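Read the figures in this text as sums done on the coordinates, not as results from a lab. All values derive from a computational prediction rather than experimental measurement.
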Amino acid sequence: MSDDPRPRPQYGEYATPEQQRAAIRQPEPEPAAPVDPPHPPTAPATTVAARPTRMADRIITVALLAYGLVTVIGAIPQLVDFTSFAKTWMEVAGVNGEFTNTAQGALWGGVGATVFAVGWVLTAGLSWWSLAKGRASWWIPLVGAIVTFVIVSVCLVIPIFGDPGLVRGLALGS
């Protein structure tokens, strides 16, 4: 008997790895190749796959902002000269008459031009902020354009439909 106080092993649980290999007749493993030091962690594979989408988002966002800027720059002079704008609108709408609400038109045309400019600046600021955070941003110029257009449209409707010349023209056209 041995001096080992442990109970007698039944399945070789006290055997060393060399004794276990000898019992199952397995050859000694070859020494392992030297291990390279660990590389610094790399970005997850999903980041690499998402990069083209982010680039497309940037391109679409910038293109929409550029289109919006061209639209705003083109619209501001028309809104500042509201009488000419109203006359053109009435011709396109097929209304016979002359725009006579010039004082209110000048006021609301200026308000509309200001809303257009401020709306574009706010939209561009939110878009750049979202792009800097790495978020999807293509929708911001679209929503900004819709909201700004609705507000400007309300500003333009007030003097146009408040014009007695338009009301007479609509009554004569019916």
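Listing for the model above:
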| read-out | value |
| --- | --- |
| Rounded to whole Hz, the Karplus (6.51, -1.76, 1.60) HN-Hα couplings of the stretch 136-151, x for glycine and proline | 5, 10, 4, 6, 5, x, 5, 5, x, 5, 5, 4, 4, 4, 5, 5 |
| Largest-first principal axis extents of the Cα set of the stretch 80-172 (Å) | 57, 22, 16 |
| Relative contact order (percent, whole number), the stretch 74-144, Cα cutoff 8 Å, 6+ residue spacing | 28 |
